[in-house]
Amino acid sequence: MSQLRWRKSSFSEGHTDTCVELAADSIGTPHLRESDDPEVVISPAPAALSAFLRAARAGEFDRLGG
């Protein structure tokens with residue numbers, strides 16, 4: 001996992017320790033981690049991640065934060 005190129009959202013600029021970061025390995029498997037706990041990595045199925053991202057873009061989780 002240390003050779004993955006992690007990316008975070010441009011919305012996270014200036015907030016380096018509270019970000020969700022994404023990376024893909026050489027075969028395209030997605031990986032996610034929180035920048036404040038980089039040792040914990042989850043690797044969802046690509047279809048599950050796509051469905052989650054579609055829902056997030058559609059605002060389906062907007063009320064979860066309060």
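The values are calculated or read from the model by the stated rules, or taken from the named source; none is laboratory data. Owing to the predicted nature of the structure, the values given are computational and were not obtained by experimental measurement. Note that we place each Cβ from the backbone using ideal geometry, even for glycine, and neighbour counts take in every protein chain shown. Accessible surface is based on the protein model in full, side chains and every heavy atom, while ligands, DNA and RNA are left aside. Shrake-Rupley method; radii C 1.70, N 1.55, O 1.52, S 1.80 Å.
For residue 56 and residue 26, compute 0.36 nm times the residue count separating them, minus their Cα-Cα distance, and round to one decimal in nm.
Numbers: separation 30, 0.36 × 30 = 10.80 nm, distance 2.57 nm.
Extending this stretch completely gives an extra 8.2 nm.
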Backbone HN-Hα couplings from phi across segment 24-32 [Karplus 6.51/-1.76/1.60, Hz, Gly and Pro as x]: 10, 7, 5, 9, x, 6, x, 9, 10
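Over segment 7-58, what is the mean sequence separation of C-alpha contacts under 8 Å (at least six apart), divided by residue count, expressed as relative contact order in percent? Let's see the in-between values first.
On the way: 61 pairs, mean separation 12.1, N = 52.
Relative contact order, segment 7-58: 23 percent.
If packing is taken as the mean number of other Cβ atoms within 10 Å per residue, what is the order of 42-49, 30-37, 53-60, highest first?
Numbers: 42-49: 12.1, 30-37: 15.0, 53-60: 10.0.
Descending mean neighbour count gives 30-37, 42-49, 53-60.
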Compute the semi-axes of the equivalent ellipsoid of the chain, taking the square root of 5 times each eigenvalue of the Cα gyration tensor, and list them largest first in whole Å. 20, 17, 10
Heavy-atom accessible area of segment 7-58 with neighbours in place, 1.4 angstrom probe: carbon+sulfur share in percent works out to 56
